[in-house]
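Notes to accompany the following structure.
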Amino acid sequence: GSKSLEANDFSGNYIHYGVREFGMTAIMNGIALHGGFVPYGATFLMFMEYARNAMRMAALMKIQNIQVYTHDSIGLGEDGPTHQPVEQMASLRLTPNMNTWRPCDQVESAVAWKLAIERKDAPTALIFSRQNLAQQPRSAEQVADIAKGGYILKDSDGKPELILIATGSEVELAVKAAEQLTAEGKKVRVVSMPSTDAFDKQDAAYREAVLPSDVTARIAIEAGIADFWYKYVGFDGR
């Protein structure tokens with residue numbers, strides 16, 4: 001359970017930071033440097049902008065600081081564009097020594113949390129959606145492959161004609177699109193890629209098995225800026 005730290009009682013394990021993302025993240029860096037604890041904090045993904053310098057320092061110092069970023073897209077809705085991230089996921093992925101995960105359901109979330117706790121020499125950004133998402137069926141082999149950052153969630157009968165690459169809340173959309181295209185006679189593979197940096201660290205044979213280079217018809221589906229995905233889908237430019 002959790003107990004709040006109070007001015008006159010330091011026996012708790014939960015700090016109410018308030019609307020103070022940079023302070024929260026910097027304090028967590030200090031907790032990590034002290035040792036003995038695995039600090040984690042939470043805020044909306046949009047407000048990682050306020051925490052950016054402290055998270056970059058965590059990456060530079062190679063310390064374990066776990067940040068839970070919620071409300072990860074326009075799916076949030078009611079608060080409008082000031083609370084709707086667009087370029088933040090790409091920014092986190094491009095930060096050296098930053099583990100970035102955007103799970104699509106409870107199973108991917110559990111794997112991402114496990115890896116965040118096990119990774120001692122880098123901060124982790126766990127990116128979650130606000131809306132409810134469908135749980136995806138998987139084999140034991142697929143569950144094991146989640147840790148590799150990208151894996152075949154739904155495959156075609158025979159060599160795929162099209163590969164749909166998706167993350168987070170858009171995985172459900174990709175699966176539904178694949179089902180419709182399959183019903184129309186198309187051979188479609190769905191690749192869930194919750195962590196691009198983890199996927200990029202896999203050996204060439206695994207990456208080729210998931211994204212065969214001779215299948216050039218590819219679509220990346222993510223509620224955010226598109227530029228980041230060209231390295232996976234744009235063999236002939238944009």
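Entry remark, the stretch 200-227: residues being surrounded by 15 or more Cβ atoms within 10 Å (Cβ to Cβ) and within 19 Å of Phe128 (Cβ to Cβ) number 4 in total. Listed by position, the helices (runs of 4 or more DSSP H) enclosed by the stretch 1-120 that each have at least 2 residues that are in contact (Cβ under 8 Å) with a residue 60 or more places away in the chain are 48-61, 88-94, 106-118.
Listed conditions (1) buried (at least 20 other Cβ atoms within 10 Å of the Cβ); (2) farther than 21 Å from Gly234 by Cα are all met by Gln131, apart from (1). Residues that are in contact with a Leu (Cβ under 6 Å, 6 or more places away or on another chain) and more than 20 Å from Met98 (Cα to Cα) number at least 1 in the following helices (runs of 4 or more DSSP H) confined to the stretch 126-210: 170-183. Being over 21 Å from Asp200 (Cα atoms) and either aromatic (Phe, Trp, Tyr) or under 15 Å from the mean Cα position of the chain (by Cα) (or both) is the filter here; which residues of the stretch 129-161 pass it? Passing the criteria: Ser129, Arg130, Leu133.
Restricting attention to the stretch 134-160 and to residues that are under 30 Å from Asp79 (Cα atoms) and at pLDDT 95 or above, the residue that is surrounded by the fewest Cβ atoms within 10 Å (Cβ to Cβ) turns out to be Gln135.
Annotation: Asp214 fulfils all but one of (1) assigned to a helix (DSSP H, G or I); (2) free of Cβ contacts under 8 Å to residues at least 24 places away in the same chain; the unmet one is (1). Taking the numbered list (1) exposed (fewer than 13 other Cβ atoms within 10 Å of the Cβ); (2) in contact with a Ser or Thr (Cβ under 6 Å, 6 or more places away or on another chain) in turn, Lys120 passes all entries but (2).
Of the residues making up the stretch 51-67, those that are within 20 Å of Gly18 (Cβ to Cβ) and crowded, with 17+ Cβ neighbours inside 10 Å number 7. Could you give me the residue pairs with C-beta distances under 9 Å whose first residue belongs to the stretch 160-186 and is outside the structural domain of Arg218 (by TED's automatic domain parsing), whose second residue is of a type in the set (S, T, N, Q) and in a helix (DSSP H, G or I) wherever it lies, and which are 6+ apart or on separate chains? Close Cβ pairs (under 9 Å, with a partner that is of a type in the set (S, T, N, Q) and in a helix (DSSP H, G or I)) do not exist here.
The values are calculated or read from the model by the stated rules, or taken from the named source; none is laboratory data. The structure displayed is predicted, hence computed values, not measured ones. When we count neighbours, we look across all protein chains shown, and the Cβ atoms used for this are built from the backbone with ideal geometry, even at glycine.
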